[in-house]
1. Take L381 and S114, extend 7 Å from each Cα along the Cα→Cβ direction, and tell me the distance between the two endpoints in nm.
2. Take the Cβ-Cβ distance between D443 and T229 as r, set R0 to 35 Å, and report the resulting FRET efficiency rounded to the nearest 0.05.
3. Say each of D456 and S423 gets a label point 7 Å from the Cα, pointing the same way as Cα to Cβ; how far apart are those two points in nm?
4. How much length is gained on full extension from L250 to Q217, taking 0.36 nm per residue of separation minus their Cα-Cα distance?
5. Take the solvent-accessible surface of the protein heavy atoms, probe 1.4 Å, and return the percent of it on the chain that carbon and sulfur atoms account for.
6. What nm value, rounded to one decimal, do you get for the distance between D85 and S68 when each label is placed 7 Å out toward the C-beta?
7. Computed FRET efficiency, Cβ-Cβ of T95 and K60, R0 22 Å: what is it to the nearest 0.05?
8. State which entries of K21/K353; K441/K483; K108/K352; K72/K108; K57/K82 exceed 20 angstrom in Cα-Cα distance in the structure shown.
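The values are calculated or read from the model by the stated rules, or taken from the named source; none is laboratory data. On a predicted model such as this, the values are computed, not experimentally measured, just so you know. Here Cβ is always computed from backbone atoms with ideal geometry, including for glycine, and neighbour counts include all displayed protein chains. Surface accessibility is based on the protein's heavy atoms, side chains included, excluding ligands, DNA and RNA. Shrake-Rupley method; radii C 1.70, N 1.55, O 1.52, S 1.80 Å.
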Amino acid sequence: MGDSESVFIFRESDTDYRVRKAGHEIPILAFSPIEYPKSVDKKLASYFDQEISLIWKDIKFSNAKISSDVWKNKAGLAQELKSKDVDVLVLGSVTESETGWTFKFELKDSVDSSSYGDFELSFKRPVSTEEVGAWNQAIFWKSSDRVISLESKQTTVPVWDRKPDLTRIKEIVNSSIKGTLTVRASSGDTEILWKGKSLGNTPLTEVPIQEGIQDIQVVLKGKKPITKTIQVRAGKKSFLFQEWEEDRTLGSAKVITVPNGLSVSLDGYKQGETPFFRSNLTPGAYQLELLKESADGAYVYYEGILDVKPDRLVELALPYFGYGLLSELEFWKPSGEFGFSPFGPNGLEFAKKKNLSNGWNGVYSLPFIPEELEIEGYFLLPVDHGDGTVAVTFHLNGLSLGVVAGKEKVSIFQFPSDGKTLSTYKYLDVDKDIGRPFSFKTDLKNKKLSLYLGRDMVWQGDLPAGGLWTISVLTRGEEFREKTPIKDLKILYKGYK
């Protein structure tokens, strides 16, 4: 990313109204109606509701009241949540036992249903009953283990058994209007400022930050401060990496894994955990080990050479459990014209602020470790694809094999070639329901590479030897694919669980 200001383009979302220019200061909650067992009459249910409501009185939020009929209609509920700009659904349920009633509440994102947290509470049944005479007015008597309503018809009311931790509930509610920010830099003395306040020095890991458009200032002594603008989506992760110009006689290294957390060892000495960034490295070949440590010892996931060059950043990735790669922003590097941005709050989301020439814009992955693996993904549904074009290409040593998808068909190509498309395929009827699946599969034993569309192998060739591999996701300038280019991309290493 270098010593320069970042290009930022705000993206509105047709499917995610929580992508906002400015976030909420106080979260908006919608409480679902609780379905009580038949044994709980309306009077007892009302008592439970009143007692539970006292939990929320000291918590700051805005209540979006939605009728019980709307909760029964999925489409109508989604429209109502959007119209009231709801942040969080509070979903309550109750189970009954011989000793009492247990309530569970889960707070979920109003758009993608991801969970912010949950809590439980319970009431116990009275241990005895009292003979009560007739009364013309409602008077309540409270003992140590129950509350009795003294009226013309005797009613014994349950009492609290276990109350929830209010501090924990406040934390959950407050987290619903914040995302997290992870910042790393080639120099560990880099200071990160937000709204004029220091967040600390890098590396910063998952620091809570308010949703909306945020300006992050990156400061290093002796360098010009740099401001980077990011778009924070509540409940999601944002990443920044700042590479400063350092001593040109030294090199830098960046190693990431999916998921994070593998130990990084250089020449037998532990240097940290992934994602790993290190500058001012003496050029040379380092023995690199990526290990998973446990109480029973360390399991080596990768062992190889990290070749550091002067004034160069060497990058390496191991997506050993590579699900959800579209949201792993540290795995991708942007490629394209100025005015194009590939990243949004939910991962890869292409956007532009000007007309682009007839070229390709998108992302390339970091070089990842060759293994016997499978790359899987889906092009969008034909009805949702629009007029844009998306190319997914697997780049190996001396060979690039790819698929170009449009609204009606997909084409297979390779480089180097004679410039001709290898083959073209129309969408099958079944693809109208699930999208167009594709996969690249390597066979190290037989030195073969295969390309599949759905279950059908449409290409097979020799697997080149040596080098690291990358994958690219690109869209053509004159046939630009806005927002999410593909879905559900994953890399499956054989042997890693």
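1. Taking the simple label geometry, L381 and S114 are separated by 2.3 nm.
2. The pair D443/T229 has a calculated efficiency of 0.20.
3. Taking the simple label geometry, D456 and S423 are separated by 0.7 nm.
4. Between L250 and Q217, full extension yields an extra 9.3 nm.
5. Heavy-atom surface of the chain belonging to carbon and sulfur, 1.4 Å probe: 48 percent.
6. 3.0
7. That pair, T95 with K60, gives E of 0.15.
8. From K21/K353; K441/K483; K108/K352; K72/K108; K57/K82, over 20 Å: K441/K483; K108/K352; K57/K82.
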